[in-house]
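Below: the structure, in structure tokens.
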Amino acid sequence: MAADYKRTEIGEGIFLTEIYDEKFKLNNIRVRFITKLDEKTSGANALVPSLLITSNSEIRSRTELSKRLMGLYGTSMSASWNSLGDYQSVGISASPMADRYTIGGEVISTEVVRLMLLCIFSPDLTDGKFNEKYFALRKQELLDNIAASVNNKRAYGYTKAKSVIFEGEPAAVTELKTEEYVRNITAEGLFEQYEYLLKSAAVEITVCGGGGADEAVEMLKNAFSKIKRENVERISYRQNSPVKAEISSRSEDMKIRQSKMFMAYKSGYEDIYVCKLFSALLGGTAFSKLFMNVREKLSLCYYCSSVYFDLKGTLLIDSGVETENIEKAKAAIEEQLKALQQGDITDEELENTKLYLCGSYRSNYDTAWDTAGWYAAQNTRGTGYSPDEVCSIIKGITREQIIECAKSFEPDSVYILKANGEGSDDE
């Protein structure tokens, strides 16, 4: 269990989360900017952190910056971007060795944070523009990633399904929708977006690890508390997606051997942990309803699983199926959902699923990176539960709660990436 968890607001819309457990030999340091998903800006937002970690005003070479970090006991700096429901999270992170494990107690945490702050607040600029060479390289890398996304057919299908499931909502924005905007990004325009993130995006700073980096943490506090902020975005992470008046069914033909089917159900059920247990019972384990019946017993799917997105109140069932079996698989999946709604849950199924979830949750204690990710998710829910505390919640959930939860989900969308019997699948 994490020895210490603390969350404080150090500036307008700027939060610092500190999680310490002395068993960790590293300190994972993350700085993330949270902003509303918008297809016009999501590509630029994703480009900003990858450019920031390339160079800065002091070290204007990517190679030299990498060498400097590697000299700090193999520390590296990475960029990240992902969606959180209707929001986008972009940022940079580093995981230096805890100072108490360095040779002779050498202090490296402050230098790592200094370099991070240089990258964030003093980027490599010329005449108010990012370094043209690195800008062109990073922009092309992002375009290449977008173009390559179609190669993973399951991921491509999921991306297209999201645009159908959340149509008209920010959560529908995907990389595939942003390619045109990325092509039109200029170095000047990117700098303007960078300034917007500093000025108006919500900021989440996380320091998680073995501790002993108090001076480095103070450097972070001082730097971010001095930012001039205006029109700061107010983040409300949980925005349940409304159920469509009529089920939306869409399909797209593609030269692949195996069709991909995505079925979405939506609910306003409040207790997310009941929803997570329900989803796991339905299709979250190798002994779930969907796996044991639709995949194993009926052999209708190559894979068939479910996941619950708590920030959107949406259950997504994802399956790989032969084209001629699509309707049979759909009916079989609906039958398993109906079974849960009618209380077809054995004591063994319920107990084993609870044990599975708790084992999965407790695995977040294993690394500082996983622990930081766990509490980042907690922060989106306005809670600070440890994995053990959530396990206690899971253990107390009753069969009656699961039935009530299952009945609350209504069918919303079906998206099928339909195989025509040619090509290949890269999953």
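Do any GluC sites (Glu not before Pro) in region 48-126 lie in a DSSP loop with no more than 13 other beta carbon atoms within 10 Å, and if so, which? Within region 48-126, the qualifying GluC sites (Glu not before Pro) (loop, at most 13 other Cβ atoms within 10 Å) are Glu106. Label positions at Glu64 and Ser360, each projected 7 Å from the Cα along the C-beta direction, are separated by 4.7 nm.
Over the chain, dividing the summed -39,500 (n - 2.57) contributions of all DSSP H runs of at least 4 residues by the number of residues returns a 222 nm mean residue ellipticity of -13000 deg cm²/dmol.
A crude spin-label estimate for the pair Asn231 and Ser248, with each label 7 Å from Cα along the Cβ direction, gives 2.9 nm. Start at zero, step by 10 Å, and the Cα-Cα distances of region 279-361 spread as 19, 50, 28, 4 percent across the bins.
Tell me, what does the Kirkwood hydrodynamic radius of region 221-314 come to in angstroms if you use every pair of distinct C-alpha atoms? Working shown, then result.
Values: mean 1/r = 0.0592 Å⁻¹.
Hydrodynamic radius (Kirkwood, Cα pairs) of region 221-314 is 16.9 Å.
Taking the C-alpha atoms only, the angle from helix 326-341 to the longest principal axis of the chain is near 90 degrees. Can you spot the lysines whose alpha carbon is less than 24 Å from Lys255's alpha carbon? Ignore those fewer than 8 places along the same chain. In chain and number order, the partners are Lys153, Lys160, Lys162, Lys177, Lys328, Lys330, Lys418. Highest mean first, the peptides 342-352, 149-159, 274-284 sorted by other C-beta atoms within 10 Å per residue fall in the order 274-284, 149-159, 342-352.
Any idea what the alpha-carbon Rg over 2.2 N^0.38 Å comes to for the chain?
In units of the globular-protein estimate, the chain measures up at 1.05.
For region 121-177, the dipole from Cβ point charges (+1 on Lys and Arg, -1 on Asp and Glu) about the Cα centre works out to 280 debye, to the nearest 20.
Cross-link reach is defined here as a Cα-Cα straight distance under 20 Å, omitting same-chain residues fewer than 8 places apart; for Lys23 the lysines meeting it are Lys6.
Rounded to the nearest 20 debye, the dipole magnitude of the chain is 420 debye, with +1 charges on Lys and Arg beta carbons, -1 on Asp and Glu beta carbons, and the Cα centre as origin.
Bear in mind these aren't lab numbers, they're just calculated from the coordinates by the rules spelled out. Remember, it's a predicted structure, so these values are computed and weren't measured experimentally. Ideal geometry is used to build each Cβ from the backbone, glycine not excepted, and the neighbour counts take in all protein chains shown.
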